[in-house]
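What follows is a short report on a single structure.
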Amino acid sequence: MKAFLNGAIVEKADKMIPLEDRGLTFGDGLFEVLRVKDGHIFFFEDHLSRMRNSAEFFGIPFPYSRDEIKDRARELIALNGINDGELYIELTRGVDQNREHKYPPKDTPPTFFMLAIPLRDIDPMNWKSGAIVFSFPDLRHGLCEHKTINLLPNVLAKNYAYQHGGYEALMYREDLKGKYVTEGGSSNYFFVSGNIVITPEIDNLLPGITRSKVIERLKKNGVQVIERRIYHEELKKVDEVFLVSTVSMVMPVRMIDGKNFKAPGQVTKKAMLLYQKLMEEDKGQH
Ligand code: PLP
């Protein structure tokens, strides 16, 4: 298997990132996961923009143009023979021998690498009859609107869900009114109450690409979508739940902490179809 590292396609097995890379020592970096099918990289511009904007926010130099990245990614996907898979992109603040928290000198080159790998193994029953989810406290920092590689709390949350037989965690924080939903360990959530769809507003959680596509398509198709804080108390009255991400796409949820939901319900089915259609459109564009 090959990888792309700092400008060249390399053999994944023998190329090493220096141990003093700030991605390893400080988690000082960003990542993206893109869906790949039949040579097509879905929503490439959206993912690249999110990464570039965050790189600018954190002052990490962005080393290549969109076209360069796209060309090399396509090359890598072809070389690795990936038909149905994932493109992983990581950007770190580069190698810093001193291991000092402050930023290294301005001319320190960032580390940029890409992996093209087969799609992770997901039980298709999750899409057919719904995923099982467990709630877990959101123990993260205040920078969750950026896709940083500081993922330890997400790892804890998802691992907790897996260990209890679930697919994903439903992370929550608390305010004076009680527990409210933030997002999944690697997904965003939607709740359906009657014909209204509610999804947590972007308030220290990741503005998922899939989330924004689903909101746009639902609205375009006459479904009312409200972005606001949603409390655990309210989940009692919710009819349907679904989670979304690049890899999970639109996935119905059938159980949260032992409570059952209709999966997939009518609105979830609609969201699944609309997103499928959008992916086909995106594929047709390039
Ligand atoms: N929230 C978190 C914390 C994530 O890590 C991810 C994706 O990995 C998402 C949401 C979904 O984002 P996207 O739809 O851009 O894949």
Next item on the list: Post the alpha-carbon centroid distance, the stretch 220-286 to the stretch 1-74, in whole angstrom.
Entry: 29 Å
Checklist line | Assigned charges on the beta-carbon of Lys, Arg, Asp, Glu; the chain dipole about Cα centre (debye) | finding: 760 debye
Notebook entry, point to check: If you bin every alpha carbon distance in the stretch 173-286 into 10 Å steps from zero, what whole percent lands in each bin?
Noted result: 14, 49, 30, 6, 1
Item checked: Proportion of all alpha-carbon pairs of the stretch 229-286 beyond 17 Å (%) -> 46 percent
Next item on the list: Rank these for me by crowding, E240, E75, E56, going from fewest to most other beta carbons within 10 Å.
Entry: E56, E75, E240
Checklist line | Straight-distance crosslink candidates among lysines, where the alpha carbon sits under 20 Å from K2 and sequence neighbours closer than 8 are dropped | finding: K12, K15, K37, K70
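Using helices alone, what [θ] at 222 nm do you get for the chain, with -39,500 (n - 2.57) per DSSP H run of 4 or more residues, divided over all residues and rounded to the nearest 500?
On the way: 7 runs with 82 residues, N = 286.
Only helices count here, giving -9000 deg cm²/dmol.
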Item checked: Rg to Rh quotient for the chain, alpha carbon positions, Kirkwood Rh -> 0.98
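All of the numbers you see were taken from the coordinates with simple rules; none came from a lab. Just so we're clear, the structure is a prediction, and the values are computed from it rather than from any experiment. Neighbour counts are summed over all protein chains in view; Cβ atoms, including those assigned to glycine, are modelled from backbone coordinates with ideal geometry.
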